[in-house]
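The values are calculated or read from the model by the stated rules, or taken from the named source; none is laboratory data. Bear in mind that the values here come from a model prediction, so they are computed numbers and not experimental data. Heads up, the Cβs are rebuilt from the backbone with ideal geometry, glycines too, and the neighbour counts pull from every protein chain shown.
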């Protein structure tokens, strides 16, 4: 597992604040790897998902930091979504939040 994937996993789990995610989604980061998110949190273990989000590193980091709106990334083709789009929107909103849920 790359250092980037380890860093992203830690950040996602921090933003999920131990509560997991009520749906199952896969994030594919081109040339880096994949992250699976479900009620158990973010992991690299392959799992069945309802939605797949795919992007390059720069786009994903921009969405996660809040510099890039996921909707804009999707509309410009920088973010691909396959499956239930409402799940992708909910996750994007969670990831782009500036602080964790319990602070």
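Criterion first (part of a helix (DSSP H, G or I), without any contact (Cβ under 8 Å) to a residue 40 or more places away in the chain and surrounded by fewer than 14 Cβ atoms within 10 Å (Cβ to Cβ)) does residue 72 satisfy it? Here the answer is yes, as residue 72 does meet what is asked. Among (1) surrounded by fewer than 20 Cβ atoms within 10 Å (Cβ to Cβ); (2) part of a loop (DSSP other than H, G, I, E, B); (3) touching a strand residue (DSSP E or B) at 6+ places or on another chain (Cβ under 8 Å), where does residue 48 come up short? Checking residue 48 against (1) surrounded by fewer than 20 Cβ atoms within 10 Å (Cβ to Cβ); (2) part of a loop (DSSP other than H, G, I, E, B); (3) touching a strand residue (DSSP E or B) at 6+ places or on another chain (Cβ under 8 Å), the one that fails is (3). When segment 71-96 is filtered for residues that are under 19 Å from residue 36 (Cα atoms) and out of contact with any strand residue (DSSP E or B) (no Cβ under 6 Å at 6 or more places or on another chain), the ones remaining, listed by number, are 85, 86, 89, 90, 92, 93, 94, 95, 96. Only one entry of 86, 54 meets the criterion of being free of Cβ contacts under 8 Å to residues at least 40 places away in the same chain, in a strand (DSSP E or B) and at negative phi, and that entry is 54.
So for segment 79-93 (the condition being within 19 Å of residue 5 (Cα to Cα), in contact with a helix residue (DSSP H, G or I) (Cβ under 7 Å, 6 or more places away or on another chain) and modelled with pLDDT of 85 or more), does at least one residue qualify? Checked segment 79-93: at least one residue is within 19 Å of residue 5 (Cα to Cα), in contact with a helix residue (DSSP H, G or I) (Cβ under 7 Å, 6 or more places away or on another chain) and modelled with pLDDT of 85 or more. Of the residues making up segment 1-13, at least one is farther than 19 Å from residue 65 by Cα and at pLDDT below 90. Looking only at segment 19-28, decide whether some residue is loosely packed, with under 14 Cβ neighbours inside 10 Å and either within 11 Å of the chain's Cα centre (by Cα) or modelled with pLDDT of 90 or more (or both). Scanning segment 19-28 turns up no residue that is loosely packed, with under 14 Cβ neighbours inside 10 Å and either within 11 Å of the chain's Cα centre (by Cα) or modelled with pLDDT of 90 or more (or both).
The set of residues in segment 1-44 that are over 24 Å from residue 86 (Cβ atoms), in contact (Cβ under 8 Å) with a residue 40 or more places away in the chain and either touching a helix residue (DSSP H, G or I) at 6+ places or on another chain (Cβ under 7 Å) or not in a loop (DSSP other than H, G, I, E, B) (or both) comprises 4, 44.
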